Structure formats: C-alpha cells, structure tokens
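Take a look at the structure set out below.
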Amino acid sequence: MSVTICQSMGFVVSALGIGGIIASTCMDQWSTQDLYNNPVTAVFNYQGLWRTCIRESSGFTECRGYFTILGLPAMFQAVRALMIVGIVLGILGLLVCIFALKCIRIGSMEDTAKANMTLTSGIMFIVAGLCAITGVSVFANMLVTNFWMSTANMYQGMQNIQTRYTFGSALFVGWVAGGLALVGGIMMCLACRGLVPEESHYKAVSYNASGRNISYRTGPYKVGSGYEPEVKTRKGAGYEEAPRSEEDGRRSYPSKYDYV
C-alpha cells in the first residue's frame, strides 16, 4: 500500500510541476520594469521568452513578438531550449508514468516491467525539473547582471540610460514548478524499489559420490566394493522380514512362508 501511495503522490506532484513549467514558459512576466525610482508612470514594460509587452495607464496592452532568432542573445536562446526540453521530457514522463501505475492493469504486465517504467519516468521528471530550474536561474542571472550595470551607469550620470528590469512572476513559478518536478521524480524512483519483486535465493548444494565407482561383471557372482549398505529389518509384533539373499546374480524376495 505504501508503494502505491508513494507512486501516486509522485505522479500527482510531478504533474503539477510539469504544468507549472508549461505555464511559466508561456508567461510574459519573466522580467518586469523596475519602478523603484519612478513609481508613477504612464507606461509599464515587461518581457517574456517569446514577446515583449507595454501596458499603458489607460489599461491598453500591446505585445510584440520576437521576430528574429539570430538577433537574440545566446543565453536567452539557451533558456528557451532548456524550458522546451524540460516540457518535452515532462510530458513523456507523464505518459510513461500513467502506464506504470500499480493501480492500473494493462494485460499481463509484470511488476518488473512496471518497476522499469516507474524508474524511467522518475528519471525523466528529475531531468525536466533540473532543466527548468537551470533555465530560470540563467535568466535570473542575466537580469541581475543587467540591473547592476544599469545602476552603475545611473550613478555615473550617463545619459540615455536603459530601463532597469527586475524579477517577474514567471521566474518564481518556474522555480517552484521545477522543484515539484524534481521531488516527484525522486518519489517515483523510491517507489520503483518497492515494485521490484523479491527474488528467492536458494543455497546450491552439490552432491558428490562418497565412494568410488562400482563396477559390475556379468556372471553368477557379484563383485562387491566393500561399501554395501546394511540390511534394515522392520521390527513389529508378528512381523519380521527375512534377510534378502542373492543367487545367480538375481535378487530373490521372501515368500509368504517366511513370515511368522
């Protein structure tokens, strides 16, 4: 029961994490305009991975996508790639995990196959979470670098200073979603150990002949080896077995007249 609960909880947590990664990738608030020095403004800028938006004080919002790929920074494109890889791995992990759930029976699938599928989906979730966390962290590092460069230029009295940007809500969603996917993947890997059937280990016992090989000759006499077993007789009231005799190489059985 604990294995089923761990596997189900890992699936739910991972699904929430993958959903959060998809949501954060599609959000436009990856970086928002810093209003520390100018809290009252008629225009508010914010940017995402796919487009940049401007919101006016009247409530009108205009967004413009990035129509070029070559003009974007290399780190920006790397963040895009990491988020897309995390989404693809997460979706594949969810599909594999659905068939690996212990509460779902598909044909005559053995527990060993379910354990392997559970481990595979767990590894996919872990990699997807790491990709999301890495992508969000790289973007956050870019924001911090640009923010302090803009601040240094501001204190130096330089003109035409660019607008400073700070962390947007999409970054926090990406961090939380990546952490959930990572935790869900770990839970799936732990559940895999409980799905593996226990193997029975038997001690191998080798039997060797205690004596030398016994050779027989054809003829009226039997050649003994000196290791003949002793004849056991049954003891009981009114019952006594006569000793067995051998004549002409043939075994003779006691007749009914030999019993008392």
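Every number in this text was worked out from the coordinates using simple rules, so none of it is lab data. Given the structure is predicted, the values throughout are model-derived calculations rather than measurements. As a convention, Cβ positions derive from the backbone with ideal geometry for all residues, glycine included, and neighbour counts pool all protein chains shown.
Remarks
- Loop-resident chymotrypsin sites (Phe, Trp or Tyr not before Pro) (DSSP state other than H, G, I, E or B) in region 1-83 with no more than 16 further Cβ atoms inside 10 Å of their Cβ: Y36, W50, F60, Y66, F67.
- If the chain linking V138 and M9 were pulled fully straight, counting 0.36 nm for each residue of separation and taking away their Cα-Cα distance, it would gain 43.5 nm.
- The modelled label-to-label distance for the pair A23/I91, using points 7 Å beyond Cα in the direction of Cβ, is 1.8 nm.
- Once the C-beta distance of F76 and L16 is scaled by a Förster radius of 35 Å, the resulting FRET efficiency is 0.80 to the nearest 0.05.
- The GluC sites (Glu not before Pro) of region 51-143 meeting both criteria, a DSSP state outside H, G, I, E and B (loop) and at most 13 other C-beta atoms within 10 angstrom of the site's C-beta, are E110.
- Length gained on full extension, C63 to S108: 10.9 nm, using 0.36 nm per residue less the C-alpha separation.
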